[in-house]
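One structure is given below, encoded as structure tokens.
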């Protein structure tokens, strides 16, 4: 491949990244406005009922296992544990990346931006019974999972061996999909809450990745910080 072709490919990848970030951010805004205007979207009740009735019990059990560490109390502790593990295995630069992702999990505080009550076993939308942590749009669990587990998968590409990276990426994708599914099948959220969490967290994750790649050049202006992060 010629140098010109390589430059063109890099330019295409960069432009695609920007366009995808812009598209998902715009989609998140438009979708949120749609959810805010309606009590329940078409298909949400049927989808919730089908997933609740047809999800194997062991999947719901795994959902309950992963649910606890991503609660208000457990999430910070889980993040500290993950950050410590990243620092131990992959070093300071990777730790900066996971810390950047963690800073974006503040989006979970938006989980009452549309105060939607959570589902119930009667599958009736009740507008008057919203409590923080029980329903709400978007799903804070999904925002956390996409940001933290997604960033771990991305970091493994540069900081782990190919074999370990495949294992990490596969496991992180599994955890994200498990959260997406069981937030609905476990009647924690309506499907639109989960979709909103995905749409909000994806552009945030891409922004974090964009900043992460520019950390070395940003720190060049402060040699001490640069040495602290990148010295062996």
Query raised in the report: Do any residues in region 106-119 that are closer than 20 Å to residue 203 by Cα have Cβ atoms under 6 Å from those of residues that are surrounded by fewer than 21 Cβ atoms within 10 Å (Cβ to Cβ) and at pLDDT below 75, where the two are at least six apart or on different chains, and which pairs are they?
Result: 112/132
Report task. Quickly run through region 21-67 and pick out the residues that are free of Cβ contacts under 8 Å to residues at least 12 places away in the same chain, outside any helix (DSSP H, G or I) and farther than 14 Å from residue 190 by Cβ. Result -> 56
Report summary line: Counting only helices (runs of 4 or more DSSP H) wholly inside region 129-206, the ones holding at least 1 residues that are closer than 17 Å to residue 103 by Cα and in contact (Cβ under 8 Å) with a residue 40 or more places away in the chain are 140-144, 150-159
**Report entry** Test result for residue 11, surrounded by fewer than 17 Cβ atoms within 10 Å (Cβ to Cβ), at pLDDT below 85, over 22 Å from the mean Cα position of the chain (by Cα) and assigned to a helix (DSSP H, G or I)
**Finding:** yes
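The values are calculated or read from the model by the stated rules, or taken from the named source; none is laboratory data. Not measured: the values here are computed from a predicted model. All Cβ positions, even for glycine, are placed from backbone atoms using ideal geometry, and neighbour counts span all protein chains on display.
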